[in-house]
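Enquirer: Got a structure here, written out as structure tokens. Questions coming.
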Amino acid sequence: MTDQVISGTDLSRLRELNSLSVVRALRDQPPATVTELAKLTGLSRPAVDVIAQGLVTGGWATVVEPGGSSVVGRPARRYRFRATAGHVIGVDVGAHKILTLLADLDGNVVHTARCTVAADADPRERLAALDQILATCLLEAGKTEQDIWAVTIGVTGPVDASGKTTLFTPLPGWQTVDLGAHLSDRFTCPIVVENDCKLAALAERWQGAARDANDIVFLLAGMRNGAGLIIDGVLRRGYGGAAGEIGALKAVRWLTAPSHLERCPGVPATVSPDDAAAWVFNAARDGNRDARTAVNRYVKDLAIGTAALVLALDPQVVVFGGGFSRSADLVLDPLRRELQRLCLRLPDVRASTLGADSVALGALRLALNEVDQRLFTLGLSAPVAPRR
């Protein structure tokens, strides 16, 4: 019989896997003792003690010193994942604004920067604004590009495997833009481009109105309507990245739904088309009959596409988000009534709690997912060595 020999490489990989098990345990819960970590990982207490000290030395964990206690003896020290080992950036590149959030590895936002952009800005202008706001965000947060471990950019329109919006987008000329290539000159970390509706859906499940749900339809409602889908806890992109783009089917009336608000009788000539909907919602809230009629017609059209998604997917929750979610008090009840009439089962219909930040927050979540995926696949050396 030949004895099996474990090589140095095997031992090194085993130590790495054990260390990753402890890191994963630290990522998923509050500060823990060695004993608690041993139970969570199935490793021996002495092994976890050595690993935890090594993670502190390597910059992946910090020690939470025991506080005062009436218990006899010295309380056990606790270890916490070092969330400041790296940072991620989430960006919402919208028609009228660019919003940038910078967060640590626990998702705590440490800096926010935003700027306005003209709706008719060409790619050169919009990319210049993006570059400037990223530079401003890093400078004001006291970070450099090397401190960033992942960047996710949310854009309007379905995003294909190359990170481009080749099918359609309301941003002028944006089909030709390769954001990954553009930002690779600045960042060496992974750069992910994703559709804004899908990112907003992720955000609502992470920090918003759907934290208790695994099956979610998110409605991004504004001067355009879109949807993000999460089924069995997984964000659904579809084969070509166009899952949820039911508004492209004219029969569901999402394309024309906002026109009821834009063309409402009584909107002052001094109100711009971009502000017409806000004027109508406010007038409806004040009892204006024409405005109420316009809102009801908008909701009826919105309900057609929503019902199609509900019937196809049977979600637990429908989240009403986007710019119009500020007027959820006028929309939710009539939307529920319409869905009750059109669907076999009425899902729970809720208003977004994240508002205009939902896309950028979803971008942060996806960036954090990218970090975790690389960390637990490639090991503690990825994406970059942690700094002390």
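Enquirer: Could we say that Val295 is closer than 13 Å to Leu229 by Cα, among the hydrophobic types (A, V, I, L, M, F, W, C), open to solvent by less than 20 Å² (accessible area, probe 1.4 Å) and touching a Leu at 6+ places or on another chain (Cβ under 9 Å) here?
Expert: Considered against the rule, which asks whether it is closer than 13 Å to Leu229 by Cα, among the hydrophobic types (A, V, I, L, M, F, W, C), open to solvent by less than 20 Å² (accessible area, probe 1.4 Å) and touching a Leu at 6+ places or on another chain (Cβ under 9 Å), Val295 comes out as no.
Enquirer: Further question: Looking at (1) of a type outside the set (Gly, Ala, Ser); (2) open to solvent by 10 Å² or more (accessible area, probe 1.4 Å); (3) touching a Gly at 6+ places or on another chain (Cβ under 9 Å); (4) at pLDDT 95 or above, which is the one condition that is false for Pro386?
Expert: That leaves (4) as the condition not met.
Enquirer: Determine which single condition Ile98 fails, assuming it passes every other condition in (1) free of Cβ contacts under 8 Å to residues at least 60 places away in the same chain; (2) more than 16 Å from Leu368 (Cβ to Cβ); (3) in contact with a Pro (Cβ under 9 Å, 6 or more places away or on another chain); (4) open to solvent by less than 20 Å² (accessible area, probe 1.4 Å).
Expert: (3)
Enquirer: Mind checking which residues of region 194-227 are small (Gly, Ala, Ser), under 15 Å from the mean Cα position of the chain (by Cα), open to solvent by less than 10 Å² (accessible area, probe 1.4 Å) and over 20 Å from Val151 (Cβ atoms)?
Expert: Gly208, Ala210, Ala227
Enquirer: Being of a type in the set (A, V, I, L, M) and open to solvent by 70 Å² or more (accessible area, probe 1.4 Å) is the filter here, so list the residues in region 249-267 that pass it.
Expert: Hits for region 249-267 are Leu249, Ala251, Leu255.
Enquirer: Anything in region 179-193 that is of a type outside the set (D, E, K, R), open to solvent by 10 Å² or more (accessible area, probe 1.4 Å) and either farther than 30 Å from Thr306 by Cβ or touching a Cys at 6+ places or on another chain (Cβ under 8 Å) (or both)? List them, or say none.
Expert: If the condition is that a residue be of a type outside the set (D, E, K, R), open to solvent by 10 Å² or more (accessible area, probe 1.4 Å) and either farther than 30 Å from Thr306 by Cβ or touching a Cys at 6+ places or on another chain (Cβ under 8 Å) (or both), then Gly180, Ala181, His182, Ser184, Thr188, Cys189, Pro190, Ile191 are the ones that fit.
Enquirer: Are any residues in region 269-279 at pLDDT 95 or above and assigned to a loop (DSSP other than H, G, I, E, B), and if so, which ones?
Expert: Of everything in region 269-279, nothing turns out to be at pLDDT 95 or above and assigned to a loop (DSSP other than H, G, I, E, B).
Enquirer: Residues being outside any loop (DSSP other than H, G, I, E, B) and in contact with a Gly (Cβ under 8 Å, 6 or more places away or on another chain): count how many of those fall in region 176-200. Walk me through how you get there before you give the answer.
Expert: Narrowing region 176-200 to residues outside any loop (DSSP other than H, G, I, E, B): 176, 179-184, 191-200.
In the following step, the residues that additionally are in contact with a Gly (Cβ under 8 Å, 6 or more places away or on another chain) were identified as 179-180, 191-200.
Matching residues across region 176-200 total 12.
Enquirer: Only one residue in Thr256, Thr306 is touching a residue at least 24 places away in the same chain (Cβ under 8 Å) and within 23 Å of the chain's Cα centre (by Cα). Which one?
Expert: Thr306
Enquirer: Moving to a separate point now. Report whether or not Ala367 is assigned to a helix (DSSP H, G or I) and either free of Cβ contacts under 8 Å to residues at least 40 places away in the same chain or surrounded by fewer than 21 Cβ atoms within 10 Å (Cβ to Cβ) (or both).
Expert: no
Enquirer: Quickly run through region 122-158 and pick out the residues that are within 27 Å of Gly86 (Cα to Cα) and outside any helix (DSSP H, G or I).
Expert: If the condition is that a residue be within 27 Å of Gly86 (Cα to Cα) and outside any helix (DSSP H, G or I), then Gly142, Lys143, Thr144, Ile148, Trp149, Ala150, Val151, Thr152, Ile153, Gly154, Val155 are the ones that fit.
Enquirer: Starting from residues that are touching a Gly at 6+ places or on another chain (Cβ under 8 Å) and in a helix (DSSP H, G or I), keep the ones in region 239-268 and report whichever is farthest from Val193 (Cα to Cα).
Expert: Among them, the one singled out is Val252.
Enquirer: Here's another thing I want to ask about it. Identify all residues within region 280-289 that are surrounded by fewer than 14 Cβ atoms within 10 Å (Cβ to Cβ) and either assigned to a loop (DSSP other than H, G, I, E, B) or of a type outside the set (Lys, Arg) (or both); write none if there are none.
Expert: Scanning region 280-289 gives Asn282, Asp286, Gly287.
Enquirer: Based on this model, can you work out whether Ala128 counts as small (Gly, Ala, Ser) and open to solvent by 40 Å² or more (accessible area, probe 1.4 Å)?
Expert: So Ala128 fits the description; yes.
Enquirer: Go through (1) farther than 19 Å from Ala356 by Cα; (2) assigned to a loop (DSSP other than H, G, I, E, B) for Ala119 and report which single condition fails.
Expert: It is condition (1) that Ala119 fails.
Enquirer: Now, a different point. Of all residues being among the polar types (S, T, N, Q) and surrounded by 19 or more Cβ atoms within 10 Å (Cβ to Cβ) in region 317-341, which is nearest to Ala283 (Cα to Cα)? Just the residue, please.
Expert: Ser327
The values are calculated or read from the model by the stated rules, or taken from the named source; none is laboratory data. Everything quoted here is computed from the prediction, not taken from an experiment. Backbone-built Cβ (ideal geometry, glycine too); neighbour counts: all protein chains shown. Ligands, DNA and RNA are excluded from the accessible area calculation, which covers all protein heavy atoms including side chains. Shrake-Rupley method; radii C 1.70, N 1.55, O 1.52, S 1.80 Å.
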